[in-house]
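The values are calculated or read from the model by the stated rules, or taken from the named source; none is laboratory data. From a predicted model like this one, the values you see are computed outputs, not experimental measurements. Every residue, glycine among them, receives a Cβ derived from its backbone with ideal geometry; neighbour counts consider all protein chains shown. Accessible surface is based on the protein model in full, side chains and every heavy atom, while ligands, DNA and RNA are left aside. Shrake-Rupley method; radii C 1.70, N 1.55, O 1.52, S 1.80 Å.
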Amino acid sequence: MAATWLNGILFPFALVISITSYFRRKQDIGGWLMYFYYWIGAVLAVYLKDALGNYRVFLPSSKLEPVKHLALIVAVYPRLFALLGVVAVAIAVLRRREWLWIERLRLMLGVTVVIAGISVALDRVYFPRALFANLIRLTMLGVWLIYFYVSKRVHHVFRTKDWKKLNIGEALS
């Protein structure tokens, strides 16, 4: 029920953000960079809903066998805390607009990719129903990590700080 409610908000919002990102593609925070902020917020909402909405399975009195219970905790909480770190650094990137914060964001994304990879490995063994969704999230984390290394927009907005002078829009998104 909660997943349906959350999807009912996230999917239409994704469409609105996609359209807005397209129309803002010539601005410094537009295009794929803008969509990144939506994506991390949406994934965080899903992670929080899963962790907080099902908190009883994380309690020691859970009916899960001890090994599966430990695997669940290791699969969920480090991934959630890593994503919280990405969100915190991504907010600092917007506020500070300094290259140092892009480097920190890359580092946090890399750490989160590793943690999500471990989580996916645990899903494969213990929680196969969660495997597909978490594999997609892992893949997208990898895509965003690559984006922050190759994006000309990121380079021009945060390193050379000449995006507005260039006004080159979608070719650099």
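At-a-glance table
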{"read-out": "Residue match in segment 29-48 (condition: within 27 Å of residue 158 (Cβ to Cβ), touching a residue at least 24 places away in the same chain (Cβ under 8 Å) and assigned to a loop (DSSP other than H, G, I, E, B))", "value": "yes"}
{"read-out": "One residue from 153, 56 being loosely packed, with under 14 Cβ neighbours inside 10 Å, at pLDDT below 95 and charged (D, E, K, R)", "value": "56"}
{"read-out": "Test for residue 105: is it at pLDDT 95 or above, touching a Gly at 6+ places or on another chain (Cβ under 8 Å) and open to solvent by less than 70 Å² (accessible area, probe 1.4 Å)", "value": "no"}
{"read-out": "Residue that is closer than 17 Å to residue 145 by Cα and surrounded by fewer than 14 Cβ atoms within 10 Å (Cβ to Cβ), where the choices are 88, 82, 116", "value": "88"}
{"read-out": "Qualifying positions in segment 93-102 - of a type in the set (A, V, I, L, M, F, W, C) and loosely packed, with under 15 Cβ neighbours inside 10 Å", "value": "94, 100"}
{"read-out": "Selection within segment 60-114 - closer than 15 Å to residue 39 by Cα and among the polar types (S, T, N, Q)", "value": "112"}
{"read-out": "Filtered residue count, segment 84-129, keeping only those that are part of a helix (DSSP H, G or I) and either of a type in the set (Phe, Trp, Tyr) or free of Cβ contacts under 8 Å to residues at least 40 places away in the same chain (or both)", "value": "29"}
{"read-out": "One residue from 35, 22 being open to solvent by 60 Å² or more (accessible area, probe 1.4 Å) and of a type in the set (Ser, Thr, Tyr)", "value": "22"}
{"read-out": "Hey, residue 161 within 30 Å of residue 25 (Cα to Cα) and not in a helix (DSSP H, G or I) or not", "value": "yes"}
